[in-house]
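Step one of this worksheet: look at the structure below.
No lab work stands behind these numbers, since they all come straight from the coordinates. For clarity, every value in this text was computed on a predicted model and none was experimentally measured. Ideal geometry is used to build each Cβ from the backbone, glycine not excepted, and the neighbour counts take in all protein chains shown.
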Amino acid sequence: MNIHEFINDYFHMSRYIALGSLDGILAVMGVTLAASGVVSVGGLHIPNFVIGITGLSGGVALSLSNAFGAFIGERAEEFRNIRELEHKMMLDEGKLDDTVVHKQAKRRVYMSMFTHGFSSFIGSLVPVTPFLILTSRFTATVTTIILCFTALVILGIYLGIVSRGSLLKTSLEIVIVGIIIGLVSFILGGR
């Protein structure tokens, strides 16, 4: 497989790009906004980079979880389809193993695993980056919110294009979910 095929396959996994990116952005935004509401622990000030590292570790855990979840789910689905195809073709179970059909199914499984995990990780970088590079808590929080909602709008446009639906409606739905998650996380973190 060359790089063009790989990139093409990646972008054809739009559901995993959407799921992973959305998970990464929203879950890690929730963690960073909740943590940004905590000024100190035991009288010690929490520096922004600690919030960033906390969010980043959550993003890594999320991306690994999503990658292996996609692997397990897609593998079950693909191999069930192969077994059904064998049954319809009146073949013994396992007769399609190591065939082109089997190899294509394995490729889809691994691409879904990579796409979901990688998209989750990339999405998680959006909310943590300001906390890793900015020292002002207020500036990092505002920058995170702006970056996250910009990324959510871009993701909404991407999904609107992929689904051939309304770009505005899709973006608005995603942004509303982001607002709800952001508010809940900030409120919980400030307590």
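What's the extension gain from LEU167 to SER14 if we count 0.36 nm per residue and subtract their Cα-Cα distance?
53.6 nm
Within a 10 angstrom radius of the beta carbon, how do MET13, MET89, MET29 rank from fewest other beta carbons to most?
MET89, MET13, MET29
Positive end of the dipole of the chain, charges at C-beta (+1 Lys, Arg; -1 Asp, Glu), about the Cα centre: which of GLY69, ILE154, TYR10 has its Cα farthest in that direction?
Most positive-ward Cα: ILE154.
Under 8 Å for C-alpha pairs, at least 6 residues apart: give me the relative contact order for the range 3-184, rounded to a whole percent.
It comes to 34 percent, rounded to a whole number.
Would you mind telling me which residue in ALA67, ALA151, ALA105 has the biggest mean-square fluctuation in a Gaussian network model of the chain, where springs connect alpha carbons within a distance under 10 angstrom?
ALA105
Output the DSSP H helices from the chain with an along-axis C-alpha extent of no less than 20 Å and a mean Kyte-Doolittle hydropathy no less than 0.0.
14-36, 48-88, 100-133, 137-163, 167-189
For the range 66-191, compute Rh as the Kirkwood radius over C-alpha pairs and then the Stokes-Einstein diffusion coefficient at 20 °C and 1.002 mPa s; write the answer in µm²/s, rounded to an integer.
Rounded, D is 120 µm²/s.
For an R0 of 45 angstrom, estimate the FRET efficiency from the Cβ-Cβ distance between ASP97 and HIS45 and round to the nearest 0.05.
Efficiency, from the Cβ-Cβ distance: 0.15.
Please name whichever of SER163, ALA105, PHE186 sits farthest to the positive end of the charge dipole of the chain, dipole taken about the Cα centre and charges placed at Cβ: Lys and Arg +1, Asp and Glu -1.
Value computed over the given set: PHE186.
In nm, to one decimal, how far is the modelled label at PHE138 from the one at HIS4, with both set 7 Å along Cα→Cβ?
That separation, rounded to one decimal, is 5.3 nm.
Could you order peptides 92-100, 130-138, 79-87, 17-25 by the average number of other Cβ atoms within 10 Å of their residues, highest first?
17-25, 130-138, 79-87, 92-100
Taking the Cα centre of the chain as origin, sum charge times position over the Cβ atoms of Lys and Arg (+1) and Asp and Glu (-1), and report the length of that vector in debye to the nearest 20.
So the dipole magnitude of the chain works out to roughly 420 debye.
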